[in-house]
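Notes follow once the structure below has been shown.
The values are calculated or read from the model by the stated rules, or taken from the named source; none is laboratory data. Remember, predicted model here, so these are calculated numbers, not experimental data. Here the Cβ positions follow ideal geometry from the backbone for every residue, glycine too, while neighbour counts run over all protein chains shown.
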Amino acid sequence: MICPFWFDASLNYCPVFRVHYMAPGSAPTPHQRNLRDALGPDGLAVLVRAYGGLRIRVHTKPRLDTELARRLGPEIYAQLQRWYAGEEIGVPKLLGLAAAERAQRVLQLRADGQTAGAIARAEGISLRWVRTILAREQSGTD
């Protein structure tokens, strides 16, 4: 299964996964990168569909009889358990992922030399929003 949130497979880069709601143009946190690394893009897609926008508690010891294990499946649950045993983690929302994916496309188009106006037309967003995304990237703020 291909992750629906995959940005560019040639870059081996999944879109930005935020712990909480993802503001458009935000940069990924180390925690989000770890979620992607721990579960892979397909596993993260399953987690987001099941628990997007919620905080979940990962048991210290593996318990395959829990709702979390049943909803994620044994393989994804084992990976989550290996990385986050005993922790409470925030799962990103789907809404934020779509905005983050668009922000990453905007940043990639800009890196490819496109003008802000060309990016706005290509993405179907306003010039002001393109500039906001680019400004957030430059300042490093959410």
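Scanning the range 55-103 for residues that are in contact with a strand residue (DSSP E or B) (Cβ under 7 Å, 6 or more places away or on another chain) and β-branched (Val, Ile, Thr) gives 56, 58, 89, 91. Can we say residue 44 is under 20 Å from the mean Cα position of the chain (by Cα), at pLDDT 90 or above and closer than 28 Å to residue 140 by Cα? Considered against the rule, which asks whether it is under 20 Å from the mean Cα position of the chain (by Cα), at pLDDT 90 or above and closer than 28 Å to residue 140 by Cα, residue 44 comes out as no.
Which of the residues belonging to the range 29-41 are surrounded by 19 or more Cβ atoms within 10 Å (Cβ to Cβ), in contact with a helix residue (DSSP H, G or I) (Cβ under 8 Å, 6 or more places away or on another chain), at pLDDT below 85 and over 12 Å from residue 90 (Cα atoms)?
Within the range 29-41, just 36 meets the criteria.
Determine whether the range 102-112 contains at least one residue that is in contact (Cβ under 8 Å) with a residue 12 or more places away in the chain, over 20 Å from the mean Cα position of the chain (by Cα) and crowded, with 17+ Cβ neighbours inside 10 Å. Yes, the range 102-112 contains at least one residue that is in contact (Cβ under 8 Å) with a residue 12 or more places away in the chain, over 20 Å from the mean Cα position of the chain (by Cα) and crowded, with 17+ Cβ neighbours inside 10 Å. Candidates 68, 64, 80: the one that is hydrophobic (A, V, I, L, M, F, W, C), farther than 19 Å from residue 128 by Cα and in a loop (DSSP other than H, G, I, E, B) is 64. Scan the range 46-70 for residues that are in contact with a Leu (Cβ under 9 Å, 6 or more places away or on another chain), without any contact (Cβ under 8 Å) to a residue 40 or more places away in the chain and either charged (D, E, K, R) or surrounded by fewer than 13 Cβ atoms within 10 Å (Cβ to Cβ) (or both) and the total you get is 2.
What number of residues within the range 84-101 satisfy the criterion of being buried (at least 17 other Cβ atoms within 10 Å of the Cβ) and touching a Ser or Thr at 6+ places or on another chain (Cβ under 7 Å)?
1
Of the residues that make up the range 76-83, is at least one out of contact with any Cys (no Cβ under 7 Å at 6 or more places or on another chain), crowded, with 18+ Cβ neighbours inside 10 Å, of a type in the set (Lys, Arg) and touching a residue at least 24 places away in the same chain (Cβ under 8 Å)? Looking through the range 76-83, none of the residues is out of contact with any Cys (no Cβ under 7 Å at 6 or more places or on another chain), crowded, with 18+ Cβ neighbours inside 10 Å, of a type in the set (Lys, Arg) and touching a residue at least 24 places away in the same chain (Cβ under 8 Å).
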